[in-house]
Structure formats: C-alpha cells, structure tokens
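The block underneath contains the structure these notes are about, expressed in structure tokens.
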Amino acid sequence: MLDFVVVFTKGGVVLWNSNESGKNFASCINSLIRGVILEERNTESKYFEEDHLAVQFKLDNELDLVYAAVFQKVIKLNYLDNFLAEMQLAFKEKFGAIAAQERLGIDYEFEQEFRSVLSAAEEASAKQGKAPKTMRSFNESLKSKKTVASMIEDKKSSAASANEKRVNIQESPPATKSQPSSPPRNNDDIIQENRRKLREKLTPTKKAIVETKPSKISAQEKEKAGKKPRVWDLGGNSKDAVLLDRSKDAPEDVQVQSINNDLVGTMQGNIPDLDEESESDRDVEDSDDSDEDQDQQQQKPQQQKKQQTRAKAKTGGLLSYFKGIVGAKTMSREDLQPALEKMRDHLISKNVASEIAAKLCDSVATSLEGKQMGTFDSIASQVKEALTQSLVRILSPKRRIDIIRDALESKRNGKPYTIIFCGVNGVGKSTNLAKICFWLIENDFNVLIAACDTFRAGAVEQLRTHTRHLNALHPADKHNNRHMVQLYEKGYGKDAAGIAMEAIKFAHDTKVDVVLVDTAGRMQDNEPLMRSLSKLIKVNNPDLVLFVGEALVGNEAVDQLVKFNQSLADYSSNENPHIIDGIVLTKFDTIDDKVGAAISMTYITGQPIVFVGTGQTYADLKAINVNAVVNSLMK
C-alpha cells in the first residue's frame, strides 16, 4: 500500500527509508521540500500531490525531522495520520537522544519497529472500516406481505376493540372514595359548577373573617408570646442565650456599660471609594500584617514598579509582552496563541493580506509547536526568529530569473528574448516597461516595444513618447548607428495576439535582441479579456510573463494574482500552460514601511519579485532587498 516511507531532517539528510516498489522517489520528496516546506505552506494540509503520487508528512520540531509516506494518489489511506504519529513516537523513543546530537555516521535500524507500527495501524483501520449492517429490502419487510384484505380486517378489528372499550367503561363498577364517580352532566351543569367554585374562591369564609379581626391579648400573654431565642444544637449553656436576648428588659444581674465617646471618638469624613485591585496587589497587601506605615512604605515601590512595567508594555512593540515568559519547557499552541494573534494584527497593519497573515501565523506555530525552549530563551526571541526565517524564505526566489543571461543566450541562438507584461488597469505597466527598456539599453541590448494595448485611448501615444525620450538618451550615433528602441504599432481595435506575433517576427528579421509586449489593463473577473490574454500568451510562447502589481494593495493583490494565474491555466488548451513567471512591484516608494504586498504576492504564486519600481525617472528601477523588507515588517 505504501510505496516509500522516509525519515529525513529539515536540512535534507535522510536518516532511514523503506522502499517497497524499488522505484526512485527523490524527485517527489524534493518537490515536497521546495513546494511546501521551504515556502512555509506546511500548515494548509499535511498532504502533497505530484503527478500520480501523493505524499503525506508530519513535522517533528523537537528533533527537526520530517516523516513522509509516498503512495499512489488513487488510493485513499485513512490510517496515515495515526501511523505517522505512532511512527514518530517509536523513532523518537529509539533514536531521540542520538538524532538530537549526531546525524551522520549512524546506522538507524528501524525496520522492525516500522513493520509493527504499520501492521497495528492497518489492523485498527480494518476494524473501523467494517461494512455496516445492510438494511432490509422492501420485499423482506412485513409491510410488503400485507394485502388489501388484511388491511380491511385490521380496520374492522380496531373498530371492534374500540366498541369493547366503551362497553367496559359503561359497565365498570362504582368508584370508591379515592375515585368518586359522577353521573354524566350536560354543559349547563358544568358551567354552573364552575361559577360556584369561582364564587367560593373570591368570597372569604366566616372563619377567615374571624381570624382577620384584631384580638385582645393580655400583657402576660404578650410577654409569653414574645420573641423566643433560637436554640442551637451546640450552643452550650442556656444562660448565654438569656444574656443575649434583647427582646425584653435586661435582667438585674446583667450590667450594661455605657460607651465613653471621648475614648472611642466619632466618625469624621467620607468613606473612600473601593478601588479595583489586581490579584497580585491583594496578595501583596494580605501577606503583610504590619502597621500602616510599613504597608505604605512597601506599597510605594511596588506601585512604581507596576507603573514602569505597564509603560514598557505599552511602548515595547510587537513582541515585548512575551519577554516575561522564560524557562525551559516545551512550547504548545496554547502558549503561542496570544503571540500569534498579536502578530497577525501587526502583519495586517503592514498591508499583508489577512488570509496570508493567518497562514503565516499558523506556519510559525507549526514550526515552534513541540520545540524545547532553553533556560535563557524566551518566547519573544523564538517567535521573532521563526517569523524572520519564514519571511526570508518566502521572499527569497525559488528559481533564478536572470534576464541579462537569458537574453544573451537567446541572442546566440538567433532569436529575440520576449517578455509580456500583464496586470490590472492603472498599475503602471507602460511606465515600468519603459524603465525596464532603459535598463536593457544600459546593458547594450536593442529593444522593440510592441504596442498591443489596442483598447485604452492614448496607450500607443504614451509608448511613442517613451520611445522618443529613450532614443534621445541613447542616440544611435553612440551605439554604432543602431536604433536602441523601436516601436511596433498597428493602431487601435486590432487583435493583440496578432500584433505581438508580427512584432516578434519583425524583431527576428531585423536582429532585435529583446521584445517587450505591452498589453491592455484588465480586471481579473473580465472573462473575455482574460481569454484574450491567454490566447496572446499561448500563440506567441514568450520567454517570460511578468505580472505588474501595486505595492499599495493588500487583500486585492491576492485576488488579482490567483485569478490571473487561474485564467491563464483554464483558458489555455496547452497541456502545460504558461502562467506568471515573476512580479514587478510598482509604486514602492509611496508606502513607507507598509511593505506587506510583497509578502502577499510572493506567497500566492511562489514566484519572485523581479523588479521594484520607485520614483519618476527611468533609472528608478531596483531589485528587491529581502532583508530590508523583512526588517520593515518586523518593526
């Protein structure tokens, strides 16, 4: 059932494996590491698919290990969660001390334990998966055997039984005292009886009137009927009760002392209001029973300390309130939950999409849950370190995009290097295309701009203006009489895919190095325009497809990228459709430290941010600085 089971470290060192089929599953495990673990997607589900294979895995943060099982995708194995958990316990019990210290040069004999755990999991699954008791068919039920005649007889028998009941009721013996019987009465008798009962309730009886009259009681009887002292079971001597009785005059042997007001004094001033105190304040005050002066002297420094800690908590930043939790213990999800909620709100305030912020918090919790904290480590440092590593891994490119190198390679092969720009309206596609064109000219590439935005008024004129300015900055006489920038245009209302094809063919014939294709801005929900974009990419087969997005957006960036990628995949008839290869992040200089859109866009597609657009000149084009972005997010 299981083709391949492996235990490996998060660094990629395989400690033990079991291969039932004898095939090589290295590519599947490498895809799991690249596509899930390194991209911090291990919280969405512990399940990964590639081609016809599926991988279910479990993380062990205490030993930094990964337990993975590979099986055929068409097979559904319900016992894998329990199996991986039991396998983790068995491996930790046998090799926990060794795996925590040394990784290499050790023979991990785990075959016997693996077989026992697997057989136990399969047996438990077989017991739970027994087929339930089948229901009876209609022919097997009693209802199917009934006929019309039997149903008529049943009605007759039920009617006869009802008649017998009436006869039994009429012939029943007279009731006893406990059950008085009454002759049948008509409705008028019942109404008269109810009225009589109502009058009896409303009219008081003579006895009640007599009881309500005031009675004349003698003084002796009043004294006898005075307030009687309560007698307690463990009250002791009855004389004490007589002394404590205040309902009558004091006996002669009891001397009542009058209170001297000069000695006691009188109450002056108002009673102060009760202040709400924390439990720690009450503990401090109740633990000390000395006089008031000592209490006040002790409470003053304590109150000052509390005020200082509260002031630090207000100004300490994102993770300052964790610093009080220190100690050597295993971190649980409950310990991290307050930190995760605070961190999620902080990321959202930095313009990270709410969905991505929640997934990042879950990823940090997954990487820290079950991990052992050192004696001098704090949750603050652990959370900050885990979050920093997670953000760096997300922003770091998973594959290399070197436009200069790829363009040189295409030039040697005798064909132009083609880049298509796409995105929604108003994000700055044409402007940043001109900036990238300037950067290519600076690296001695001549460029052809294809004006494929045949919908927006002024789009061709805008590119014509950029072409004129770029040629003025780099005239042909400084480049061996080569025109460094050319514009290929066919006006408005034409097919964009056809214009791009003609431009690429023209560049091939005239030995142009790079073709930059400008497309019309379109909303991600516009199906006809998304079909047109998919057709343009499919027909021309570019070397690079760049999505141009704003750094100002938050949740909208997620929706744009997801739907653009989905549309390019759905509306293409190719078996392996060409989707977005990279991101150009524009207007990056307008957001201060709210750089969360970079995280949102990179997390969704897994594709790198190739360029960052800032400023208003052609030279304002930069590569993303991962450490600077992470530091801005962690402020």
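The values are calculated or read from the model by the stated rules, or taken from the named source; none is laboratory data. Every value quoted in this text rests on a predicted model; they were computed, and no experiment measured them. When we count neighbours, we look across all protein chains shown, and the Cβ atoms used for this are built from the backbone with ideal geometry, even at glycine. The accessibility values were calculated without ligands, DNA or RNA, using every heavy atom of the protein model including side chains. Shrake-Rupley method; radii C 1.70, N 1.55, O 1.52, S 1.80 Å.
All conditions but one from (1) surrounded by fewer than 19 Cβ atoms within 10 Å (Cβ to Cβ); (2) part of a loop (DSSP other than H, G, I, E, B) apply to Val424; the one that does not is (1). Please work out which residue is most open to solvent (accessible area, probe 1.4 Å), limiting yourself to segment 553-569 and to residues that are without any contact (Cβ under 8 Å) to a residue 24 or more places away in the chain and of a type outside the set (A, V, I, L, M). The selected residue is Gln566. Against the numbered list (1) over 30 Å from Asn565 (Cα atoms); (2) open to solvent by less than 70 Å² (accessible area, probe 1.4 Å); (3) in a loop (DSSP other than H, G, I, E, B); (4) not β-branched (Val, Ile, Thr), Gly491 comes up short only at (1). Checked against (1) more than 36 Å from the chain's Cα centre (by Cα); (2) open to solvent by less than 60 Å² (accessible area, probe 1.4 Å), Leu473 passes all but condition (2). Contact map, segment 453-471: residues that are in contact (Cβ under 8 Å) with a residue 40 or more places away in the chain and within 26 Å of Glu442 (Cα to Cα) paired with residues that are among the β-branched types (Val, Ile, Thr) and open to solvent by less than 30 Å² (accessible area, probe 1.4 Å), Cβ distance under 8 Å, separation 6+ or inter-chain. Pairs shown: Asp453/Val460; Asp453/Thr519; Leu463/Ile449; Leu470/Ile441; Leu470/Val485. When you check Arg399 against the structure, is it of a type outside the set (A, V, I, L, M, F, W, C) and in contact (Cβ under 8 Å) with a residue 40 or more places away in the chain, yes or no? Judged against the criteria, Arg399 is a match. Here Ile401 meets each of (1) over 26 Å from Val610 (Cα atoms); (2) open to solvent by 20 Å² or more (accessible area, probe 1.4 Å) with one exception, condition (1).
In the set (1) outside any loop (DSSP other than H, G, I, E, B); (2) surrounded by fewer than 18 Cβ atoms within 10 Å (Cβ to Cβ), Ile499 fails one condition alone, (2). Annotation: of all residues in segment 441-459 being under 45 Å from the mean Cα position of the chain (by Cα) and open to solvent by less than 40 Å² (accessible area, probe 1.4 Å), the one that is farthest from Leu408 (Cα to Cα) is Gly458.
Counting the residues of segment 582-628 that are crowded, with 17+ Cβ neighbours inside 10 Å, among the aliphatic types (A, V, I, L, M) and under 22 Å from Thr431 (Cβ atoms) gives 13. What tally of residues in segment 369-395 results from selecting those that are closer than 15 Å to Arg333 by Cβ, modelled with pLDDT under 85 and either in a helix (DSSP H, G or I) or open to solvent by less than 30 Å² (accessible area, probe 1.4 Å) (or both)? Residues in segment 369-395 being closer than 15 Å to Arg333 by Cβ, modelled with pLDDT under 85 and either in a helix (DSSP H, G or I) or open to solvent by less than 30 Å² (accessible area, probe 1.4 Å) (or both): 5 in total.
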